[in-house]
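The values are calculated or read from the model by the stated rules, or taken from the named source; none is laboratory data. From a predicted model like this one, the values you see are computed outputs, not experimental measurements. Neighbour counts are summed over all protein chains in view; Cβ atoms, including those assigned to glycine, are modelled from backbone coordinates with ideal geometry.
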Amino acid sequence: MIVLPPGTLLQLMYLRDRLRQVTPGVFIEIGPGSGEITRLLLDQGWSGKSYDLEAKTIASLKGRFYKEIAEHRYTPINEDYLNMSASTGKVDLVISCMVLEHLEDKVQFSFMQKSKKCMKVGGIMIGLVPASPAHWGIEDDIAGHCRRYTRLTLEKLTADSGWKLVHIAGLTFPTSNYLLPISNFLVNRSEGSKLALSALERTKQSGRREVKFKTYFPAILGILLNKNTLYPLFILQKLFTKSERALVRYFEARPSTGAGEK
């Protein structure tokens, strides 16, 4: 039994609600990590591909989703998304979680342009990024982040890249904020040595971190950490989606032509 951190559960609960408003189609996922968003997409009827720089991440996904791979519904690929072949085909959804913040300024614009080129008419981009620059900490350094985002910086990124921001929300507030000091302590104790690695290596390892009581929990705690017990915190999260203190920012964007409304 996989027991996820409360912040991750809250993000997935919000994403699940948003995806119910989108007709399932073909997706590209960048930075799949352990495959929690992949699982959600496949369970909701999507099919597609995941790209990741780390071979061990892809190997793990091949083990977890062997059935969907055999059914030709899913393909995990150990490749740089920015170097993806143009012949791959256009998709209905480009989704990334904790990816953009790893990219240098010019490269994040290349990411947005690449995503536009592979998007079908009416397609959508969904992204989750770390938010609130005031909360920069040890985890950002260890994970190889270049920035934390605000609503304004996401608006500028999307507008300057030819996208229309159609929905944006702050997530995990106030739960993750209260837990942040504990999180920083656990990360520093368990992963402080990673600061000696290159930024690229820290980025590659960020999708497969193992910090007890931070990125994974004993199975017994699944009694407390699940979508049912955290539902009150999910409702609380929705009350604070406009908070600039939220540690995660969720956004949806469409290419400027034919974009929807906020």
Exercise. Residues Phe185, Phe173: which one is assigned to a loop (DSSP other than H, G, I, E, B) and either out of contact with any helix residue (DSSP H, G or I) (no Cβ under 7 Å at 6 or more places or on another chain) or modelled with pLDDT of 95 or more (or both)?
Worked result: Phe173
Problem set entry | Hey, Lys194 at pLDDT 95 or above, charged (D, E, K, R) and farther than 25 Å from Lys114 by Cβ or not | no
Problem set entry | Residue count for segment 149-162, restricted to those that are surrounded by 16 or more Cβ atoms within 10 Å (Cβ to Cβ), hydroxyl-bearing (Ser, Thr, Tyr) and out of contact with any strand residue (DSSP E or B) (no Cβ under 6 Å at 6 or more places or on another chain) | 2
Exercise. Among the helices (runs of 4 or more DSSP H) confined wholly to segment 41-117, which include 2 or more residues that are of a type in the set (A, V, I, L, M) and surrounded by fewer than 14 Cβ atoms within 10 Å (Cβ to Cβ)?
Worked result: 55-64
For this session: Would you please list the contacts, defined by Cβ atoms under 6 Å and residues six or more apart or on different chains, that run from a residue in segment 152-178 that is more than 15 Å from Lys242 (Cα to Cα) to a residue that is in a helix (DSSP H, G or I) and aromatic (Phe, Trp, Tyr)?
Result: Ser161/Phe109
Exercise. Regarding Ala143, is this residue more than 24 Å from Arg254 (Cα to Cα) and surrounded by 17 or more Cβ atoms within 10 Å (Cβ to Cβ)?
Worked result: yes
Problem set entry | Single match in Leu239, Leu165 (criterion: exposed (fewer than 15 other Cβ atoms within 10 Å of the Cβ) and hydrophobic (A, V, I, L, M, F, W, C)) | Leu239
Problem set entry | Residue list for segment 179-199, filter: under 21 Å from Tyr149 (Cβ atoms) and either touching a Gly at 6+ places or on another chain (Cβ under 7 Å) or surrounded by fewer than 19 Cβ atoms within 10 Å (Cβ to Cβ) (or both) | Leu179, Leu180, Asn184, Ala199
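Residue by residue, here is whether (1) aliphatic (A, V, I, L, M); (2) under 15 Å from the mean Cα position of the chain (by Cα); (3) within 27 Å of Leu4 (Cα to Cα) holds:
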residue	(1), (2), (3)
Leu42	yes, no, yes
Glu104	no, no, no
Phe109	no, no, no
Gly122	no, no, no
Pro133	no, no, yes
Ile142	yes, no, yes
Cys146	no, no, yes
Exercise. When only residues in segment 118-135 that are among the aliphatic types (A, V, I, L, M) and modelled with pLDDT of 95 or more count, which is surrounded by the most Cβ atoms within 10 Å (Cβ to Cβ)?
Worked result: Ala131
